[in-house]
Amino acid sequence: MINTKILASSILLTLSLLSFQIPSAIAQTQHNTAHLQPQIEGFNVDEVRRLVPGTELNFSLYGTPGGIASLRIAGATRTLALSEVEGGQYEGSYVISSRDKIAARSLVTANLRIGNQVASMVLNESLQIGVGIHAPKFQPGIQINISRFDLVPLPDLSPGTEMLFTLIGTPGGRVDLTITGVKAKILLPEIRNGEYKGSYTIKSRDRITPDSNIIATLHLNERGTEHVANIRYDRRLPVLAMPHPVQTSPVCYTCGTVEAINLVEVKGEGTYLGTIGGGVVGALLGSQIGGGSGRTAAEIAGALGGAYVGRNIEGNSRRVNHYEVIVRFQNGATQTVSYENDPGYRVGDKVQVRNGVIIHN
């Protein structure tokens, strides 16, 4: 029997441990992310022709991956949460309702949160095509200029490649970039007096080519009036010429070169028929020489000599020639292939040996 009191005590102890561990795990996660400083690289909207109910406003934000992105539109009745469609790229759409009071110059603020840290950026373009909220306005005596705009050479234009920009100009402003093939506007913060630097990591959805245009805009607010200077990167994007891998042909273990062709003569051996035939002829010739016992000796000698001659005659008649073709393979080995007749190959021919047969390569 199970002691119910002991079982109840065990359950309470387990729940107590869990209630202690879960907040600890959450606190640990928050501690791991709290030290990250989120950054927003770019923020833009697809401008629309009319701001009426049912119109869809599409926003894109580029920055530190793994965060929580949202934006607030002045005059809108709700906040828009952006989804991270790929690392560091957040997108979302806001459909204007009849209760919204959104205007072309409505202020749009984006927030990117990681742990307890938040980065913010204000949209520097209007929501409606052709309106614009940062048209150049110049006042006498206000000087704004850009003296240099550089891009660090790139290994390639594939997704994941980081583009590093530097702009030198009037201090105290803010700089953004537009790149053909990229939806977002890229922000270059001022790291020193008049020196603006920033980066952009190419995304898989971007369509950047070596001929993509890059325009940098320096904004300077002086006494409530904004002044603008533009500069175009008027060169092809500096993509480094990476060496092409050496194309190596696969090793052909049956391929080689005819190294030599030898004519070999084979002398045939006489058969017993040739020997007997020659012996008979020799004995007949011997019987014509001398008489008595001398005649018998002559017949024996004639038979032996005739047998030898008969065997040589038959051997000469059976003499044959054949050709040996020596092929040296690509790995240095050789193989000899024999032919009864001239195979027609020549020294230096490129050939293959397949199943003991030579073929032209």
Could you tell me whether region 102-119 includes any residue that is open to solvent by less than 50 Å² (accessible area, probe 1.4 Å), farther than 26 Å from Gly67 by Cα, modelled with pLDDT of 85 or more and in contact with a strand residue (DSSP E or B) (Cβ under 7 Å, 6 or more places away or on another chain)? yes
Just name the residue that is modelled with the lowest pLDDT out of those in region 167-181 that are open to solvent by 20 Å² or more (accessible area, probe 1.4 Å) and either within 15 Å of Ile214 (Cα to Cα) or in a strand (DSSP E or B) (or both). Arg174
Failed item in (1) out of contact with any Phe, Trp or Tyr (no Cβ under 9 Å at 6 or more places or on another chain); (2) modelled with pLDDT under 90; (3) open to solvent by 70 Å² or more (accessible area, probe 1.4 Å), with Asn193 passing the rest: (2)
First in region 318-338 and at positive phi and at pLDDT below 85, second anywhere and hydrophobic (A, V, I, L, M, F, W, C) and open to solvent by less than 80 Å² (accessible area, probe 1.4 Å), Cβ under 7 Å, 6 or more apart: none
Can you tell me how many residues in region 196-226 are under 31 Å from the mean Cα position of the chain (by Cα) and either open to solvent by 40 Å² or more (accessible area, probe 1.4 Å) or under 22 Å from Ser147 (Cα atoms) (or both)? 15
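Here are some residues: Arg235, Arg205. Which one is of a type outside the set (A, V, I, L, M, F, W, C), closer than 17 Å to Gln89 by Cα and modelled with pLDDT under 90?
After applying the criteria, what remains is Arg205.
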Could you grab me the full set of residues in region 61-87 that are touching a Gly at 6+ places or on another chain (Cβ under 9 Å), crowded, with 19+ Cβ neighbours inside 10 Å and small (Gly, Ala, Ser)? Gly63, Gly67, Ala69
Of the residues in region 41-73, those that are at pLDDT below 90 and among the β-branched types (Val, Ile, Thr) number 2
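The values are calculated or read from the model by the stated rules, or taken from the named source; none is laboratory data. Because the structure is predicted, anything quoted here is derived from the model rather than measured. Note that we place each Cβ from the backbone using ideal geometry, even for glycine, and neighbour counts take in every protein chain shown. Ligands, DNA and RNA are stripped out before the accessible areas are found, and what is left, the full protein with its side chains, is counted by its heavy atoms. Shrake-Rupley method; radii C 1.70, N 1.55, O 1.52, S 1.80 Å.
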